[in-house]
Amino acid sequence: MIFYSYMFSYVLMFFIPLLICSISYRQVEINVRNNILDTNLSMLGQTKDIMDARLLEVDKLVKQLSVEPLVLNYSHQYDEHFTDMERYYNVLELTKRLSLYQATNNFFINNFYIYFRKSNTVISSKAFYSMSNFYGTFFKMENIDYNQWNQHILNQHIFNQRYDGKYYSAMPIIFEEFNGKGIMYIESFSFRNSYPSDGYIAVLIDEKEVRQMLSNINLFKDGYIYIANKDNEIITFISKREDGQILPVNLDESREYGSMQKKIDGRSMTVVYVISGNNSWKYVVVVPTNQIMHRIKIINMIMWGGWIVAMPISGLLALYLSSKKSKPIKEMVQIMLGYKNIKDETDENEYNFLKNSIRNMLTDYKQLETTIEKQKPLLQSIFFERLLEGKYRGNAEINQFLVYANLDFNAKNYILVLIELNQYEISDNPYMLKELDYLRIIVKDVINSNLPCKGYVQNFDENLMALLLCFNEDVDTSIKKTENMIQAVYDLLHHENKIDITFACASICNHLPDLGIHYLQAKKVLEYKKTGNANDVLWFDQLPKTKDEYDYSIDSEIRLINLVITGNKEGALKAVNNIYNENILQKQLSPELIEQFSFAIKGTVNRIIKRIKVKDQILSMVSEMNHCVNIDTLFKMVNEILSAICDSINEEKDKNINIIIQKVIQYINDNYSDINLSLTSIADHFNISEKYLSFSFKDKTGENLSNYIEKVRIDKACELLSLSDMYIVDIAEKTGYTNDASFRRAFKRLMGVSPTDYRKQFELRDS
């Protein structure tokens, strides 16, 4: 539609009488100039909107990192009595957590780094470094050494003030995965509102991505475009001046956008600018005025020439100009269509389409402000899961996260109840999963309607839910109220809704950090129920007492160690599974014995890695295992570690046997004439067993060793028969046969003809 609008305007303009053309020339001049300015202004506005959206993503990422529990935990660890192992574990957890954030970021954000001031540590999504090691090895500014960076940039410009967020101009940066110009965003954080700040979050933005957005704007010759922050510091720019530089312009900042004429460097320049209402960034295009006027003069000549020459030429020119003028608008429409990922099926005016699209875009981004609030249930879920896994080491740490999760668990007594939906097993069936989600909603609603105190219900597994009751009454009252609630809920769910459900109650808990042990108690209750000897409501204290010892002898440990160091993956995993079943599934061990048993298993793994050389990745897994509290999680980690060790050992074995087989093949090729060459002699030469050599050679080459020796000898005999006049008996001796008879038998078996007949073939050819 915009094309036809332009076409109609130009046709009228060209076919008006000369007098009207003369009178309207000034207006045409103004319109053309305004069209050019509006086009640049529209492109600038679009660039501004896209940049605002990208910068909001940066701000969102920084805010998420500022409230990330692991960041908070690490920032406080040097104020408390943490061990080195705990700090190392916290760093690993934080690095792992940051990698999740990195995986969800878009292309605009190259990477991000968190600097903790007290520990002088830089942590990224991949690793952690000291500041001195980070700068120079993984990050470096061009022509600036570490001392200059530390004294003049960090201490004088960054660490001497508190940042609510600041973008640094694009600068040459040499980075581990980045070599070019980058825009650095730095924001300080402090959870005690102290100065100096606890640390800083730095986000690296690839300048190429920003310049790509600016490159769509037509600058003309000697023009330039730049982006400046609210302090008029240049963030990035594109220049078509001969010297490649720019000259910043003093703008009228009382308006969000506009144009003006400026005298810059002795030349008349037209300035078009847009100022962001979000961050006061300025998007400025500067082009020589004569370049714009040049187009206007051309249009004037075309108008008069068209009137004088001929009407057809005017019509063609109108067609050309209409296409040219509508192209920028169409390009913006196509850009918007591509951004919205929709098909061009609209018949509405392009301007209206752009206006509505931009309005919708702004609405979408306003909705992003509610994202943090929507994440609160997820934060609560993660906190409760970690609490049950026993990953919090004290009330101070728990209370800190209770504030962030907006939860109130303050009470005298706690009772943990596990709720199992018995008729459902873990499945990938979408219909079953949908039905299970529906049932969990019903169960949660019924429980919340019958709570005798403060309580929190969490979906823990696909068919398992956890309920934490927080009582301020005495123990007996708490137990009585819990039993009454369970009975009421059971009647509603089982009798009225026909939902087969089991309640497993742990003993009374007085300290939240001990909740991980009580979670194990409740799981024991569920395991006991599966034996068929339990009612629908069970307490841990009601379970029958069992032996007060676990079964893990020295012989069992030695057998497991030998299986691992020999690379017997299947046997090792089977042995671990048997140990788990005998002690965890078949016995009712006390929490204290479970803890002792855990230490014994951890000790076995640590003794294994001391006997063999393992990769750093495995060492990292072992370090994480040493901090594991939950027994089920521990055995999963042990299985992963032992699998990785066996895979590494077997990989090394494969490398060694491949080298040996290659040496054996070369040895056969060099010694085929030796009549004593055999499996035994080769095994003795390489100091390996005959059985191992025979199996390995067949496995790697696909044929028996003796057959391979015979093949090499016959191949050499064929060569001698065809190229020499040697007697067959001499050839037999030269190729390792004790007599010509055995040679003839072997030759005919492999080649299908006798040596004499084989030689005659070549004699006939020669004749």
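The values are calculated or read from the model by the stated rules, or taken from the named source; none is laboratory data. If you're wondering where the values come from, they're calculated on a predicted model, not measured in any experiment. Cβ sites come from the backbone with ideal geometry, for glycine too, and all protein chains shown count toward neighbours.
Tabulated data for the structure shown
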read-out: Region 43-65: number of residues that are surrounded by 19 or more Cβ atoms within 10 Å (Cβ to Cβ) and of a type in the set (S, T, N, Q); value: 2
read-out: Matching residues in region 108-126 - criterion: being farther than 17 Å from residue 198 by Cβ, crowded, with 19+ Cβ neighbours inside 10 Å and without any contact (Cβ under 8 Å) to a residue 60 or more places away in the chain; value: 124, 125
read-out: Tally, over region 382-422, of residues that are of a type in the set (Ser, Thr, Tyr) and modelled with pLDDT under 80; value: 2
read-out: Residue that is farthest from residue 656 (Cα to Cα) [pool: residues in region 558-604 that are touching a residue at least 24 places away in the same chain (Cβ under 8 Å) and small (Gly, Ala, Ser)]; value: 590
read-out: Selection count where residues are over 17 Å from residue 746 (Cβ atoms) and part of a helix (DSSP H, G or I), scope region 686-723; value: 15
read-out: Enumeration of residues in region 261-272 that are farther than 15 Å from residue 223 by Cβ and at pLDDT 85 or above; value: 263
read-out: Complete set of residues in region 431-471 that are assigned to a helix (DSSP H, G or I) and among the charged types (D, E, K, R); value: 434, 435, 437, 440, 444, 445
read-out: Selection from region 599-617 of residues that are part of a helix (DSSP H, G or I), surrounded by fewer than 19 Cβ atoms within 10 Å (Cβ to Cβ) and not acidic (Asp, Glu); value: 599, 600, 602, 603, 606, 607, 609, 610, 611, 617
read-out: Elements of type strands (runs of 3 or more DSSP E) contained in region 133-233, each with 1 or more residues being in the same structural domain as residue 267 (by TED's automatic domain parsing) and either modelled with pLDDT under 75 or loosely packed, with under 15 Cβ neighbours inside 10 Å (or both); value: 139-141, 166-175, 178-189
read-out: Output for region 224-254, where each listed residue is in contact (Cβ under 8 Å) with a residue 24 or more places away in the chain and on the phi > 0 side of the Ramachandran plot; value: 232
read-out: Long-range neighbours under 6 Å by Cβ, at least six apart or interchain, first residue closer than 26 Å to residue 394 by Cα within region 501-528, second assigned to a strand (DSSP E or B) and of a type in the set (Val, Ile, Thr); value: 505/417
read-out: Residue check for residue 370: at pLDDT below 65, surrounded by fewer than 11 Cβ atoms within 10 Å (Cβ to Cβ) and hydroxyl-bearing (Ser, Thr, Tyr); value: yes
read-out: Residue 98 vs. criteria modelled with pLDDT of 75 or more and under 25 Å from residue 209 (Cβ atoms); value: yes
read-out: Leading residue by the ranking (farthest from the chain's Cα centre (by Cα)) among those in region 245-280 that are within 13 Å of residue 225 (Cβ to Cβ) and among the hydrophobic types (A, V, I, L, M, F, W, C); value: 269
read-out: Hits in region 472-491 - residues which are surrounded by fewer than 19 Cβ atoms within 10 Å (Cβ to Cβ) and assigned to a helix (DSSP H, G or I); value: 475, 476, 477, 480, 481, 483, 484, 487, 488, 490, 491
read-out: Any hit, region 660-676, residues being part of a loop (DSSP other than H, G, I, E, B) and in contact with a helix residue (DSSP H, G or I) (Cβ under 6 Å, 6 or more places away or on another chain); value: yes
read-out: Matching residues, region 117-127, being at pLDDT 80 or above and hydrophobic (A, V, I, L, M, F, W, C); value: 122, 123
read-out: Filter result for residue 251 (closer than 18 Å to residue 59 by Cα and either of a type in the set (Lys, Arg) or surrounded by 16 or more Cβ atoms within 10 Å (Cβ to Cβ) (or both)); value: no
